[in-house]
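Report on the structure given below.
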Amino acid sequence: MNVLAIPLLIPLFAGALSLALWRSTRWQRVIAVLATASLLVSSIVLLQAVLQDGYVVLHTAQWAAPFGITLVADLLAAIMVVLTGIIAFVIAIYSLAATPAGHEKFGYYPLLHLLLAGVVGSFITGDLFNLFVWFEVMLLASFALLTLGGERAQMEGAIKYVTLNLFSSAIFLMAVGLLYGMVGTLNMADLAQKIAQVEDQGMITVVAMLFLISFGIKAAAFPLFFWLPASYHTPQVAVSALFAGLLTKVGVYALFRVFTLIFVHDVAYTHTILLWIAALTMLTGVLGAAAQFEFRRILSFHIVSQIGYMLLGLALFTPLAIIGGVFYIMHHILVKTALFLVSGISYRLLGSYELRDLGGLYRKKPLLAILFLIPALSLAGIPPLSGFFAKFIVLRAGIEAEAYVVTGIALLVGLLTMYSMIKIWAEVFWKATPEHTHEQKPLTDAVVDRGHWPLYVPIMILGCGTLLIGFYGQPIFVLAEQAAAQLLNPQGYIDAVLGVQP
Amino acid sequence: MEVVMAFVVATLFSCALYMMMRRSIVKLVIGLILLSNAANLLIFVVSGLTRGAPPLIIEGVDPSPFVADPLPQALILTAIVISFGVLAFAVVLIRRAYEVVKTDDLDQMKDTDT
């Protein structure tokens, strides 16, 4: 069996198995941990195979390239699958302790696997319509996960989330249809080759903009990002963390894919628009966060602002900038998930996400404070953590490309990120515990979360990840460099999928 | 025929967007349904309408005027199935939201925005 199909089949199979074992949450838990662990292992095997061969291609059912559905992994896709594996594994461990029993009974684990299948499928597909199908698989699972529990805030958040995402899917479908009408193929490699032959290049730009809108909504880019801070803080925390780590990055990945492979005919126009979208995404996200006083809402707005940095890497479209974008994605997925998981533990201890009801955790839980501080400082870009290098590469690329205004905005956003992180630090960890906490659970020494290692281990793994990228960044940088080189040289991708043509 | 269909698609899109911008959640879902139908019809139109031609190629004959393209139909069929599933979820969601929030007015559902 091809190494490419396994990371996709594992979550699908595990999802089906968990559904079959609907009554036994104990077995579903076991399957969740085992399946995500094997997903991680198989994704590392895939990454090694890609590092060795450059590209791994699978023509499903032996239909040769532009006719069948092709699965392709280049280095970026393989990296994304590995990151999916890491996040899936830590979330599965965290879920063991954090998922309410009611959610487990109503299909939390099957939905989790289905979501992962959708995410992995989106990363490794080489066909635009197939990408749409995987998006929908992922979305439907995420809708159900978002509304598990059925509280008022979840319903209100879900309506916005569902509407905007369905709207984005409809635009995606339109764009796919228009593209097929003009080019007559939907295989990405084939498209990349044939798109230059279309006479009406203006229409291609229109379709490119439709893709930009659609993926921009999914990536939570300016101006259609507001579904994200309205919904990401409503579900239980393991779901929030999973969404925060992975889902928007699927949109970013799709943007990276189509705007390096397919729509490179008019870079001066399309990528300039992307550049301003990136700048405004950064700025609005960080300003939104500055106005918030709820733990997870602050973090949600910071997802938006960080998406801007990744898009900035893509928009500058120089080799260094693409490296920066890829590096930033790797850094951000680990760090953001860790921060959401910390917010979950603080909720467990104090029964609230509101900053004014939290406090005193530095005294009571010094370990938790350190586990927060590492990803928080990394997010703000303090050396020697991973965020510093990620920001450094993107900013340097910005200066080299002489995009001074946008670079200045990026620097300012880094400063404001620091402000938000200090705000959380001061309120949650340094301030004395408030007398009357929002809900009934006050923090006393009696609140010992013994036996809750599944809550802490995931954050430690992710924290080690960001430290590793910070202190031992060279191999990661080389990895990002190779991925960027592949992205900027689409001919290799085309040849790998269609076979070298005479 | 293409021109007529283009106007039908345009009308569907404008109705969909109008319904989505109303305040009632029921109308919102109707808007979403119209939107997905409009997108499906758009694929159908842009890939060319062929009447009375089977999607079969006779050997040795230039196929261009005599053959229908089966791929758009396959795409639309897939999209219809997907949108059916998603919209079924959306209908359940608005019912549940109505039960929990006790209003169908989107302007009242602003708790998570600020």
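The values are calculated or read from the model by the stated rules, or taken from the named source; none is laboratory data. As the structure is a computational prediction, the values presented were derived from the model and not from experiment. Virtual Cβ from ideal backbone geometry, glycine too; neighbours counted across all protein chains shown. Heads up: the accessible areas ignore ligands, DNA and RNA and are worked out on the full protein's heavy atoms, side chains in. Shrake-Rupley method; radii C 1.70, N 1.55, O 1.52, S 1.80 Å.
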Quiz item: Order of A:197-206, A:364-373 by packing, highest average Cβ count within 10 Å first?
Solution: A:364-373, A:197-206
Exercise. Hand me the tally of lysine pairs in chain A: alpha carbons under 23 angstrom apart, and the pair either on different chains or 8 or more positions apart.
Key: 21
Quiz item: Within a Cβ distance under 14 Å of A:Gln28, other residues only, what is the Lys/Arg minus Asp/Glu net charge?
Solution: +3
Self-check item: Length added when fully stretched, A:Leu488-A:Trp27, from 0.36 nm per residue minus Cα-Cα
Solution: 161.4 nm
Quiz item: Roughly what would the spin-label model give for A:Arg152 and A:Thr318, points 7 Å off Cα along C-beta, in nm?
Solution: 5.3
Practice problem: Mind checking the full-extension length gain between A:Leu17 and A:Trp63? Use 0.36 nm per residue of separation minus the Cα-Cα distance, one decimal, nm. | Solution: 13.7 nm
Quiz item: Which Cα, out of A:Trp134, A:His103, A:Met418, lies furthest along the positive dipole direction of chain A (beta carbon charges, K/R +1, D/E -1)?
Solution: A:His103
Practice problem: With a 1.4 Å probe and every protein chain kept in, tell me what percent of the accessible surface of chain A is carbon plus sulfur. | Solution: 68
Self-check item: Calculated FRET efficiency for the pair A:Ile422/A:Gln197, C-beta based, R₀ 60 Å, to 0.05
Solution: 0.65
Quiz item: Over the range A:189-307, how many percent of alpha carbon pairs lie in each 5 Å bin up to the one with the longest distance?
Solution: 2, 11, 20, 20, 16, 11, 8, 6, 3, 1, 0
Exercise. Kindly give the semi-axes, whole Å and largest first, of the ellipsoid equivalent to chain B, taking each as the square root of 5 times a Cα gyration tensor eigenvalue.
Key: 40, 15, 8
Self-check item: Which of A:Gly465, A:Leu341, B:Val3, positive extreme of dipole for the protein assembly as shown (C-beta unit charges)
Solution: A:Leu341
Quiz item: For the pair B and A, how large is the buried accessible area, both sides, in square angstrom to the nearest 100, if the probe is 1.4 Å?
Solution: 3000
Quiz item: Out of residues 5 or more away from A:Thr125 or on other chains, whose amide H comes under 5 Å of its own, with H placed 1.01 Å from N in the peptide plane?
Solution: A:Val72
Quiz item: With r defined as the distance between the Cβ atoms of A:Phe293 and B:Val100 and R0 fixed at 25 Å, what FRET efficiency is calculated, to the nearest 0.05?
Solution: 0.50
Quiz item: How big is chain A on each of its three principal axes, counting only the C-alpha atoms and giving the largest first in Å?
Solution: 74, 55, 42
Practice problem: May I ask you to give the average projected area over all directions of the convex hull of the Cα atoms of the range A:266-471, in nm² rounded to one decimal? | Solution: 11.2
Quiz item: Between B:Val67 and B:Ala88, what is the spin-label point distance in nm, taking each point 7 Å from the Cα along the Cα→C-beta axis?
Solution: 3.6
Practice problem: Let me know the volume per residue of the alpha-carbon convex hull for the range A:339-387, in Å³. | Solution: 79
Quiz prompt | Reciprocal mean inverse distance between Cα atoms of the range A:24-177 - Kirkwood radius, Å | solution = 17.0
Self-check item: Average partner coverage of A:163-170, which counts Cβ from other chains inside 10 Å
Solution: 6
Quiz prompt | With Cα atoms, 0 to 90° folded angle of helix A:404-424 axis to chain A main axis | solution = 30
Quiz item: Which order do B:Lys110, A:Lys160, B:Lys102 take when ranked by solvent-accessible area (1.4 Å probe, heavy atoms of all protein chains), largest first?
Solution: B:Lys102, B:Lys110, A:Lys160
